[in-house]
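Student: First the structure, which I've put down as structure tokens, then a few questions once you've had a look.
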Amino acid sequence: MARSETQVGIVGAGPAGLMLSHLLHLNGISSIILEARSRAYCEERVRAGVLEHTSVEMLRQAGVAGRLDREGLRHEGIELGLRGQRHRIPFVELTGKFVTVYGQQEVVKDLIARRLADGGDLRFECGTVSLRGIESAKPTIRIEKDGNIDEIRCDYIAGCDGFHGISRSSFPDGALTVYERNYPFAWLGILAEAPTSREELLYMHHERGFSLYSMRSPRITRLYLQCRPDENINEWSDDRIWSELHTRLGCADGWHPTEGPVLQKGVTGMRSFVVEPLQHGRLFLAGDAAHIVPPTGAKGMNLAFADVYYLAEALRALYAENDPEKLRRYSETCLRRIWKAQRFSWWMTSLLHRFEEDSPFDRRRQLAELEYVMSSRAAATSLAENYVGLPLEVSAPIERGAVDHPANY
Ligand SMILES: Cc1cc2nc3c(=O)[nH]c(=O)nc-3n(C[C@H](O)[C@H](O)[C@H](O)COP(=O)(O)OP(=O)(O)OC[C@H]3O[C@@H](n4cnc5c(N)ncnc54)[C@H](O)[C@@H]3O)c2cc1C
């Protein structure tokens, strides 16, 4: 059996685990990341793509925004669509802030490159992970691979292993309360090699169901259609998908999405999910391991970054100042932001999707609400403020001196 030690053992090399490891490194705290999948798999996994103003600032302060600043697309607003008419929500005018479109897989590539350049210990395809002694002073991560067992003794363990990881289920029975809502629809998403023909994201309400026009780069578009939760993707030829996208997204002024080869397609379920608390003993959950939002509000990756920002800062205060208070409050600090993001994601989802079970009253009320957001500066400001990202609760800034590493990019 091989044994090693680190201050923080991190399970999962998604945005949460990688960013946490980097922030800890900037503060002189050691960590080891254990990731079930290969590096290539993590770097190619296409998921989220909208970074809040807050997340971009965090990445900049942490010195990992070099490529993001060069290649990310600055979006100063979004468009909402109804009955073929578009209405712009101008973020900069309403809030002074904007969002940046930059694929999650690109953020992951940048963070992996930076961790490796800084000598980080990242163990891809690590094997089967289990957690031991989370209530003890020295919890252990046990890894089994090819008949070999490794043990890592840690001061703390961060469960950053997403919704299907093992960290959440390592909490003792009864320690967690689950809050959950499942939606009666899913998103059928495609990634297409098609030049972008709109500057900003277009969220379209349509009687056949919601659709979203978005992009990952000037040449790659990402489009979504509301569909059944059990939709069989094999029944959706590329022609059928494009035809439905034209029907739902087509605008009265003649605009339609530009077609191109479909590179990827898949169906993603829609769910709101939170567990409380985010800590038990020396195990801390962060990101999708603790909460899921429907993607309508573009909050998933951003919430993951906020969690690890608080966790890194709490661990810094503990190690550098012997102050355990922030760590003790980690769960409640995160949950205040998580619930605001849950509310916003639920609200955007309710506003824009078609709910088959809605009564005629519900339907008229939904349309009235959408028209209100499209016509009231106050309502649009509320949407914009949440979309660009609510401010992080103030704590000590991330340690500077973290200039971009030219070798990484
Ligand atoms: C299919 C899908 C599509 C999405 N699309 C969008 C979108 O379009 N827009 C949007 O805003 N958000 C989207 N999201 C949400 C967003 O991608 C997540 O919120 C974000 O990835 C959260 O980051 P994370 O690091 O917490 O978790 P993850 O990115 O899930 O990372 C967790 C990591 O842990 C690893 N892991 C899991 N179990 C173990 C284990 N037992 N041992 C070791 N490693 C393990 C995983 O392989 C993974 O690399 C999507 C999510 C999914 C799942």
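Student: Within region 276-317, how many residues turn out to be outside any helix (DSSP H, G or I) and of a type in the set (Gly, Ala, Ser)?
Tutor: 4
Student: Looking only at region 44-80, count every residue that is part of a helix (DSSP H, G or I) and either farther than 23 Å from residue 90 by Cβ or not β-branched (Val, Ile, Thr) (or both) and tell me the total.
Tutor: Result for region 44-80: 14.
Student: State the number of residues belonging to region 39-60 that are more than 14 Å from the ligand (Cβ to nearest atom) and touching a strand residue (DSSP E or B) at 6+ places or on another chain (Cβ under 7 Å).
Tutor: Total satisfying the criteria: 2.
Student: Name the one entry in 63, 72, 77 that is open to solvent by 10 Å² or more (accessible area, probe 1.4 Å) and away from the ligand (no atom under 11 Å from the Cβ).
Tutor: Going through 63, 72, 77 in turn, the sole match is 72.
Student: Residues in region 124-175 that are in contact (Cβ under 8 Å) with a residue 24 or more places away in the chain and under 22 Å from the mean Cα position of the chain (by Cα): how many?
Tutor: So the answer is 12.
Student: For region 341-385, which residues satisfy the criterion of being under 24 Å from residue 306 (Cα atoms), small (Gly, Ala, Ser) and surrounded by fewer than 20 Cβ atoms within 10 Å (Cβ to Cβ)?
Tutor: Across region 341-385, the qualifying residue is only 382.
Student: Quick check on this structure: which one of 93, 106 is in a helix (DSSP H, G or I) and surrounded by fewer than 17 Cβ atoms within 10 Å (Cβ to Cβ)?
Tutor: 93
Student: Which count do you get for residues in region 277-323 that are away from the ligand (no atom under 15 Å from the Cβ), over 22 Å from residue 141 (Cβ atoms) and open to solvent by 20 Å² or more (accessible area, probe 1.4 Å)?
Tutor: So the answer is 4.
Conditions (1) away from the ligand (no atom under 14 Å from the Cβ); (2) crowded, with 17+ Cβ neighbours inside 10 Å, marked per residue:
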{"position": "2", "(1), (2)": "yes, no"}
{"position": "9", "(1), (2)": "no, yes"}
{"position": "12", "(1), (2)": "no, yes"}
{"position": "24", "(1), (2)": "yes, yes"}
{"position": "32", "(1), (2)": "no, yes"}
{"position": "37", "(1), (2)": "no, no"}
{"position": "67", "(1), (2)": "yes, yes"}
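Student: Quick one: would you say residue 336 is open to solvent by 30 Å² or more (accessible area, probe 1.4 Å), over 20 Å from residue 157 (Cβ atoms) and not in a strand (DSSP E or B)?
Tutor: Yes, satisfied.
Student: Right, here's the next one. Of the residues 272, 243, only one is modelled with pLDDT of 95 or more, among the hydroxyl-bearing types (Ser, Thr, Tyr) and away from the ligand (no atom under 16 Å from the Cβ); which?
Tutor: 243
Student: Confirm whether residue 259 is touching a residue at least 40 places away in the same chain (Cβ under 8 Å), assigned to a loop (DSSP other than H, G, I, E, B) and within 20 Å of the chain's Cα centre (by Cα).
Tutor: So residue 259 does not fit the description; no.
The values are calculated or read from the model by the stated rules, or taken from the named source; none is laboratory data. Quantities reported herein were computed from a predicted structural model and do not represent experimental measurements. Every residue, glycine as well, gets a Cβ built from its backbone with ideal geometry; the counts of neighbours run over all protein chains shown. Areas reflect the complete protein model, heavy atoms only, side chains present, ligands, DNA and RNA absent. Shrake-Rupley method; radii C 1.70, N 1.55, O 1.52, S 1.80 Å.
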